[in-house]
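Here the structure comes first, spelled out in structure tokens, and everything after it is commentary.
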Amino acid sequence: MTSGRDQYRFSGPAASSQTHGREWRPDISPFQIFYYSFSVLVFALAWLKGGHAERFGVTVLIIAWVVSFAPPVMIGRLHADHAVEDALLMLVFGRLALKSDRWWPLAMTATMVLTVLVHVSMVMVPDLDHRADIAARLGLGVLTTLSLLLGVLERWLAGERPVSESARWRRVERAP
């Protein structure tokens with residue numbers, strides 16, 4: 001997963017070329033804005049229309065987003081904190097894929113394996129730029145969010161009721 005701290009640059013040559021007078025613009029592309037907006041919408045939809053597996057996936061992904069805003073831990077060119085986070089996500093979704101009867105956790109696990117390989121490639125291939133790392137992880141992040149959305153859509157097409165419909169929103173009054 002990619003965090004917001006990777007997209008903002010507060011100092012250096014690129015930041016000075018993007019400031020015009022008092023205006024400060026974040027170093028964020030329209031694709032990143034799409035990714036964050038799409039993810040928030042899918043998380044809300046999965047929480048409201050999904051089952052227990054989808055809600056667990058949303059919870060894990062939101063926790064990963066929150067954790068990813070911690071100060072960066074760099075080891076050479078490797079974002080060590082992101083690599084550990086993505087490896088943990090791979091393991092969590094792998095376990096969910098083995099324990100649940102859904103297909104999307106398996107797709108999510110495969111995407112997280114590719115994300116971990118992006119981290120490995122940043123260490124192994126010195127010619128790769130930081131922007132290539134961010135672009136690859138953003139693309140794979142969209143794929144993880146898309147697999148969650150398709151899992152919720154598959155649940156809806158199968159006629160399965162979402163967990164939110166079976167939840168009680170108010171207390172049941174007992175007869176005296």
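The table below lists the values:
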read-out	value
For Arg5: the one exception among (1) assigned to a helix (DSSP H, G or I); (2) at pLDDT 85 or above; (3) not β-branched (Val, Ile, Thr)	(2)
Qualifying positions in segment 122-131 - modelled with pLDDT under 90 and surrounded by 14 or more Cβ atoms within 10 Å (Cβ to Cβ)	Leu128
Count - residues of segment 102-124 that are in contact (Cβ under 8 Å) with a residue 40 or more places away in the chain and under 11 Å from Thr144 (Cα atoms)	5
Qualifying residue in segment 98-121 (condition: under 23 Å from Ser29 (Cα atoms) and at pLDDT below 90)	no
Any hit, segment 129-147, residues being in a helix (DSSP H, G or I), within 18 Å of Trp47 (Cα to Cα), over 15 Å from the mean Cα position of the chain (by Cα) and of a type in the set (D, E, K, R)	no
Count of residues meeting criterion [under 15 Å from the mean Cα position of the chain (by Cα) and either aromatic (Phe, Trp, Tyr) or open to solvent by 50 Å² or more (accessible area, probe 1.4 Å) (or both)] in segment 107-121	3
Count of segment 44-101 residues which are assigned to a helix (DSSP H, G or I), touching a residue at least 24 places away in the same chain (Cβ under 8 Å), open to solvent by less than 80 Å² (accessible area, probe 1.4 Å) and not small (Gly, Ala, Ser)	15
Hey, Leu114 in a helix (DSSP H, G or I) and hydrophobic (A, V, I, L, M, F, W, C) or not	yes
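Residues are listed down the side, and each one gets a yes or a no for (1) modelled with pLDDT under 90; (2) of a type in the set (Gly, Ala, Ser); (3) open to solvent by less than 30 Å² (accessible area, probe 1.4 Å); (4) on the phi > 0 side of the Ramachandran plot:
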{"position": "Leu138", "(1), (2), (3), (4)": "no, no, yes, no"}
{"position": "Leu143", "(1), (2), (3), (4)": "no, no, no, no"}
{"position": "Leu150", "(1), (2), (3), (4)": "no, no, no, no"}
{"position": "Glu154", "(1), (2), (3), (4)": "no, no, no, no"}
{"position": "Leu157", "(1), (2), (3), (4)": "no, no, no, no"}
{"position": "Glu173", "(1), (2), (3), (4)": "yes, no, no, no"}
{"position": "Pro176", "(1), (2), (3), (4)": "yes, no, no, no"}
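The values are calculated or read from the model by the stated rules, or taken from the named source; none is laboratory data. A quick note: this is a predicted structure, and the numbers were derived from the prediction, not measured. Because the Cβ atoms are built from the backbone with ideal geometry, glycine has one as well, and the counts that use them run over all protein chains shown. Heavy atoms of the whole protein, side chains included, go into the accessibility calculation; ligands, DNA and RNA do not. Shrake-Rupley method; radii C 1.70, N 1.55, O 1.52, S 1.80 Å.
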